Amino acid sequence: MHDAPVIEAQNLDLTFQTADGPVQALRDVNLEIGKGEFVSFIGPSGCGKTTFLRVIAALEHPTGGTITVNGMTPDEARKSRAYGYVFQAAGLYPWRTIEKNIKLPLEIMGFEAAEQERRVKNVLQLVDLEGFGKKFPWQLSGGMQQRASIARALAFDADILLMDEPFGALDEIVRDHLNEQLLKLWARTEKTIGFVTHSIPEAVYLSTKIVVMSPRPGRITDVIESDLPKERPLDIRDTPEFLAIAHRVREGLRAGHAYDD
Amino acid sequence: MTDGVAPAMFGPKSAARWVGAVSGAVLPVMAVVAAIVAIWYGGSVMMNRAWTLDQIERRGLEMTTMEIVADTMNQERPVLPTPHQVFNELWDTTVGEPIMRERRGELQGNPRNLFFHAYHTLWPTILGFAIGSFLGILLAVGIVHSRAMDMSVMPWAIASQTIPILAIAPIIVVVVSNLPALNNAVDQGWISDDTKLLVPKALISSYLSFFPVVVGMVAGLRSPNASDLDLMRTYSASRGQTFWKLRLPASVPFLFTSFKVSIAAALVGTIVAELPTGARFGLGARLLTGSYYGQTIQIWSALFMAAICAAALVILLGALERVVLKRMGVRT
């Protein structure tokens, strides 16, 4: 039996009213994301990839078309704790320790103290940050902070993880390491992941599905199903299969740009 | 030489550090202080000379230049008292006077002691600061959460600070000291007459001190950036939760900065409030009696005591700030 899609967008439009007149951030976006998929959104600035992620999270509201998350409206989905959101900046509150930062959503959602402790311990282990719970964010490196922020998004057991360029500000080596860890985490938790990125290798390495987008107006130009195996060592990036997908992504990006010049 | 504690304490390294500290911070500060004192003495000599010369002429005295200079520095009612005169007066009216004295068989505060006056100014200051800060925080919370309040309260808050406090202080004093509730409380013996005098002072003080808190707190409550607020939205957090868990903690550093401005303003407010109330006690009263009787040295020593009080309050708040921010994980 075919599972119902976790996220389904149909003819989605979003126009921002700005001082310079209306800006069409998304036009006619159609997409299905199945359970357990790892979907990357890639494209140049202004292509609407972040906006689309924010629509899923009900942080923005579409001006046309429909979108469902777990069969509900995004607002309802959010209230039922459907997703955890990871921002580009780790966004840990500096006055809270790592542990307390992870407890933040749990406090808001009203988990009991003992349950909070249990979950903090659990997710710290998932992101490999045991023993750092009592530290303040500034005492951790950028990569560790971002892992803490992922732990925070995982703490309340949402099925969907939405990540907006989470590793964009980190250096290449740390980024490779975190990509590897993220894949392991995905395999272990079987979450559905939406991942916005600028990087072609990152998108290809991580994803089961790559959504290529282009700007003015923001729209989807290509959806690539990756046939790479689920088990992916870092050196898979030198295989012909990997390079073929990367090539197709690059072509898609170029096509989107063609009538800019 | 054997290994021990002494070499570690007085070794070349620590000596170098000490010299570094002296030349880095202490020396410049001392130089500035020395310059101010020198300019001050120069000013005293120039401004007090006229009186000395006048005396010489009237009494037909013969004085050398050195004698004239010495005289300008030690007049009883100089136009500008010299530093050592002010310092001596400060010393005599604090350490040199008992704090309490016996009067009509009762032990009371001694009005000749400056600490006694400082005490009478500090309490209304602290009370006014507390009232002002509380109101300021309350207003800021309203302003941040209600657009109507943002539009309506802020202009009034700004307007309130453009009214000269000297003009409004007597009005507050008259109105408050005639409040039936307050007079009733005195009649019933719930509060003493002294406490009643404290109320208008504290109110005027709070009038000046609430404003910095409003401004700083509004900035602080609005300091979380868009993604900090978005994070709260992804949890479907209520406004109250966003306030307690994000806006309020984010505003704490802003709040302490405002507090330091505010407590200094509160002190000024109290002193100004003492001028038209005919208060007998307090630094403002001391300033006023000093000016009635041309006691410039007394005026200056009261001014210095006020400055010392302000500095002490600000330092106290600074210490509290360090403790609180350290507990909130600010790197030190």
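Rule-based calculations on the coordinates, nothing more; no lab input. From a predicted model like this one, the values you see are computed outputs, not experimental measurements. When we count neighbours, we look across all protein chains shown, and the Cβ atoms used for this are built from the backbone with ideal geometry, even at glycine.
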Alpha carbon centroid spacing (whole Å) that separates segment B:15-64 from segment B:134-182: 44 Å
Formal net charge of residues neighbouring B:Ala302 (Cβ-Cβ distance under 11 Å; K, R +1; D, E -1): -1
Proximal charge balance of B:Thr289 [Cβ under 13 Å; K/R count +1, D/E count -1]: +2
Placed amide H near A:Met213: partners under 5 Å, 5+ positions off or other chain: A:Ile42, A:Gly43, A:Thr221
Mean separation of Cα contacts under 8 Å (6+ apart) over length of chain A, as relative contact order %: 25 percent
Proximal aspartates and glutamates to A:Lys209, defined as alpha-carbon separation beneath 12 angstrom and excluding residues fewer than eight positions away on the same chain: A:Glu32, A:Glu37, A:Asp222, A:Glu225, A:Asp227
Taking chain B and dividing mean pair separation by its residue count, relative contact order in percent (alpha carbons under 8 Å, at least six apart): 20 percent
Nearest-20 debye value, chain B charge dipole, Cβ charges on Lys, Arg, Asp, Glu: 1260 debye
Distance from segment B:210-256 to segment A:116-149 (C-alpha centre basis), Å: 24 Å
Reachable lysines, given that their alpha-carbon falls under 21 Å from the alpha-carbon of B:Lys245 and they are not under 8 places away in the same chain: A:Lys79, A:Lys100, A:Lys103, A:Lys134, A:Lys135, B:Lys326
Chain B: most fluctuating residue of B:Val268, B:Val69, B:Val218 per GNM, C-alpha cutoff 10 Å: B:Val69
Label-point separation in nm, B:Arg147 to B:Asn88, each point 7 Å along Cα→Cβ: 6.8 nm
Cβ neighbours within 10 Å from other chains - mean over B:218-231: 3
Net charge dipole size for segment A:1-151 [Lys, Arg +1 and Asp, Glu -1 on Cβ; Debye, nearest 20]: 640 debye
Where trypsin sites (Lys or Arg not before Pro) fall in DSSP loop in segment A:111-201, at most 15 other Cβ within 10 Å: A:Lys134
Residue-count net charge about B:Leu179 - beta-carbon cut-off 13 Å; Lys, Arg +1, Asp, Glu -1: 0
Cα lying deepest toward the dipole's positive end in segment B:223-276, options B:Thr242, B:Leu275, B:Phe256, charges on Cβ: B:Thr242
Cα-projected label distance for B:Ala312 with B:Leu325, points at 7 Å along beta-carbon direction, nm: 2.4 nm
Amide H partners (placed H, <5 Å) of B:Thr94, local residues excluded: B:Leu114
Dipole magnitude of the protein assembly as shown, debye to nearest 20 (Cβ charges: Lys/Arg +1, Asp/Glu -1, about Cα centre): 1140 debye
Mean-position separation - Cα centroids, segment A:21-56 and segment A:193-215, in angstrom: 11 Å
Peptides ranked, highest mean first, by Cβ atoms within 10 Å: ranges A:124-133, B:316-325: A:124-133, B:316-325
Listed residues B:Gly216, B:Val323, B:Gln108: farthest to the positive end of the dipole of segment B:108-327 (Cβ charges): B:Val323
Cα pair distances in the protein assembly as shown, grouped into 10 Å bins until the bin that holds the longest one, percent each: 3, 12, 17, 16, 14, 12, 11, 8, 5, 2, 0, 0, 0
Chymotrypsin sites (Phe, Trp or Tyr not before Pro) within segment B:139-212: DSSP coil, no more than 12 neighbouring Cβ in 10 Å: B:Trp190
Neighbour cut-off at most 15 other Cβ (10 Å), DSSP loop, chymotrypsin sites (Phe, Trp or Tyr not before Pro), segment B:235-321: B:Tyr293
Extreme residue, positive dipole direction of segment A:91-152, given options A:Trp138, A:Gly110, A:Ser149 (C-beta unit charges): A:Trp138
Difference of contour (0.36 nm per residue) and Cα-Cα distance, B:Arg58 to B:Ala35: 4.8 nm
Inter-site label distance for B:Ser291 and A:Glu76 at 7 Å from Cα along Cβ, in nm: 7.3 nm
